[in-house]
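As structure tokens, the structure follows; a few thoughts come after it.
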Amino acid sequence: MSYKKFEYRPKYNDNTKIILQTNDNVFTPTATSDFLITAVASNIKKVDKLLDLGCGNGIVGISLSRLNKAKRIYCSDISSEAVKIANLNIKLNNCEGKAIESNIFSNWSGRKFDIIVDDISGISEEVAGLSEWFKNVPCDSGLDGTANIEKVLNEARNFLTENGKIFFPAISLSNINKIHEIALKNFQNVKRISHNEWFLPEDLSKNFAKLERLKKDGLIDYCKKFGKLICWTDIYSAN
């Protein structure tokens with residue numbers, strides 16, 4: 001499988017140019033990654049150890065390292081191909097850190113981090129199956145999109161330092177109310193730090209009947225504006 005390179009400039013500081021390698025078997029970063037990078041960079045000072053969960057090609061951890069927000073980055077993904085490419089990108093961008101294969105926290109036993117950033121798939125499996133986002137990559141997030149984030153939030157406290165924080169997205173193509181409730185059960189302080197609205201892509205909008213059923217059942221949410229379907233991504237911090 002051949003690799004292809006692309007350039008990324010974080011909205012937090014678009015003077016920072018990051019070159020990343022990827023291929024078709026690794027999840028292509030979406031706007032959620034950029035929302036996470038911007039929100040985390042805007043809400044932390046430089047930390048020693050940062051964990052990027054569901055790292056894909058490493059875009060979140062590498063960007064935060066290059067933005068001088070993390071001294072050392074640790075990345076993990078369930079995909080061995082993603083881990084291989086993330087390690088290549090860590091070296092390419094002269095970052096200090098490594099990527100390993102791990103199902104959420106399974107291979108991080110005994111480690112603690114100042115910051116955990118969760119970018120694991122978080123939309124309804126039914127919606128994922130209709131989109132181009134998850135072509136050639138799995139999305140085992142459950143009908144309401146909360147299966148992975150629930151595991152992350154239930155376990156995260158065991159992997160945070162005393163004053164550590166976790167940052168995570170809640171996407172309206174999942175049950176965002178349930179995600180908020182899970183966060184409140186596990187953390188004393190849960191704060192929404194950014195709200196980002198975006199147009200639902202046409203390949204999904206054409207499946208309006210199925211989307212309406214999922215919305216009626218409380219599994220996803222969206223609104224209508226300007227003749228378009230509008231979704232949103234909220235970024236939260238918790239400690």
Q: Identify the residue in the stretch 80-92 that is out of contact with any Phe, Trp or Tyr (no Cβ under 8 Å at 6 or more places or on another chain) and of a type in the set (Gly, Ala, Ser) and, among all such residues, is surrounded by the fewest Cβ atoms within 10 Å (Cβ to Cβ).
A: 80
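Rundown of residues vs (1) open to solvent by 10 Å² or more (accessible area, probe 1.4 Å); (2) of a type outside the set (Ser, Thr, Tyr); (3) on the phi < 0 side of the Ramachandran plot; (4) modelled with pLDDT of 95 or more, yes/no style:
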position	(1), (2), (3), (4)
58	no, yes, no, yes
64	no, yes, yes, yes
75	no, yes, yes, yes
94	yes, yes, no, yes
126	yes, yes, yes, no
Q: May I ask you to say which residue of 181, 150 is modelled with pLDDT of 95 or more, over 26 Å from residue 12 (Cα atoms) and open to solvent by 80 Å² or more (accessible area, probe 1.4 Å)?
A: 181
Q.
Could you check the stretch 196-212 and list, in sequence order, the residues that are assigned to a helix (DSSP H, G or I), touching a helix residue (DSSP H, G or I) at 6+ places or on another chain (Cβ under 9 Å) and either farther than 14 Å from residue 129 by Cβ or not charged (D, E, K, R) (or both)?
A. 204, 205, 211
Q. So which of 215, 206, 228 is in contact (Cβ under 8 Å) with a residue 24 or more places away in the chain, basic (Lys, Arg) and open to solvent by 40 Å² or more (accessible area, probe 1.4 Å)?
A. 228
Q.
Please return the ranges of strands (runs of 3 or more DSSP E) entirely within the stretch 1-114 where 1 or more residues are among the charged types (D, E, K, R) and touching a helix residue (DSSP H, G or I) at 6+ places or on another chain (Cβ under 7 Å).
A. 47-53, 70-77, 97-101
Q. How many residues, within the stretch 156-166, are touching a residue at least 40 places away in the same chain (Cβ under 8 Å) and either surrounded by fewer than 15 Cβ atoms within 10 Å (Cβ to Cβ) or assigned to a strand (DSSP E or B) (or both)?
A. 7
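The values are calculated or read from the model by the stated rules, or taken from the named source; none is laboratory data. Remember, it's a predicted structure, so these values are computed and weren't measured experimentally. Cβ coordinates were reconstructed from backbone atoms using ideal geometry, including for glycine residues, and neighbour counts include every protein chain displayed. Just so you know, the surface numbers come from the protein's heavy atoms only, side chains and all, with ligands and any DNA or RNA stripped out. Shrake-Rupley method; radii C 1.70, N 1.55, O 1.52, S 1.80 Å.
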